[in-house]
Amino acid sequence: MNSLLELYWTFVKIGCVTFGGGYAMLPILERELVDKRGWTTMDDLRDYFSIGQVTPGIIALNVSTFIGEKRGKVKGAIAATTGFLTGPIIIILIIAMFLRNFADIPEVQHAFAGIRVCVCVLILQAVLRLWKKSVVDPFTLGLYIAVFVLHAFSGLLPVRIPAAVLVILSGIAGILAARHKNGKAAGKEAKGQ
C-alpha cells in the first residue's frame, strides 16, 4: 500500500508542474524517476516517451501509466495515472473559476508570456538531451534529417503526414537497420571462421 501511495504522491507533484506537455516534462521526469528514485533508466524513459508519442493521450500521462505499471502492475498504473491527473484537474478548475475575471489583467498576460518562454526552454533542453542519446551514427542522423524535412515541410506536400505515422515509420526503419547491421556482422563472423 505504501508503494502505491508513494507512486500516487510522486505523480501528483509531477502533474502539478506539467507546463508545456510531454517533452517539457522530460527533465522533471528524469530528475524524479531516474535520478532521485531510481524507478527507471534514462533509456527506458526515452522508450516510454516514444511509445507515449504514438499512443492516444498526453505523453507525460502515458509515461506515468507505464512507470506505474512497471512498479505495481495494474494497481500501480492506476495510482500513478490518478496521481498525475489530480493536480492538473484541481488547477484547471481553479483557473476556470477565476480566469474570466483575470484574463485581461496585463500582469496575468505577462505571466502567461513568461511561462511560454520557460516552456520553450524546457522543450529545447529535452530535445538536446534526446539528441545526444539518439543521433549517434550516420544512419540516425539521416533518419533525423528525413523525418525533420517530412514533418517541417508537410504543409507543402500533397498529403500531410501525421507525426504518429512518422514515429511508426522511424521505428520500422530502426528495426530494418538493426537487422541489416546484424546480418553484416554475422556474415563477417562466418567468413572469419
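The values are calculated or read from the model by the stated rules, or taken from the named source; none is laboratory data. Quick caveat: nothing in here was measured; it's all calculated off a predicted structure. Counting neighbours? That spans all protein chains shown, and the Cβs are built from the backbone with ideal geometry, glycine included.
Here are the numbers for the structure shown:
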quantity	calculated
Single residue of R129, R160, R179 found to be of a type in the set (D, E, K, R) and under 24 Å from L29 (Cα atoms)	R129
Filter result for A103 (modelled with pLDDT of 80 or more, assigned by TED's automatic domain parsing to the domain that holds D47 and surrounded by fewer than 12 Cβ atoms within 10 Å (Cβ to Cβ))	no
Selection status of F139, touching a residue at least 24 places away in the same chain (Cβ under 8 Å) and assigned to a helix (DSSP H, G or I)	yes
Single unsatisfied condition, V147 versus (1) at pLDDT 85 or above; (2) not in a helix (DSSP H, G or I); (3) not hydroxyl-bearing (S, T, Y)	(2)
Of all residues making up the stretch 75-108, the number that are over 21 Å from L26 (Cβ atoms), within 21 Å of the chain's Cα centre (by Cα) and free of Cβ contacts under 8 Å to residues at least 24 places away in the same chain	2
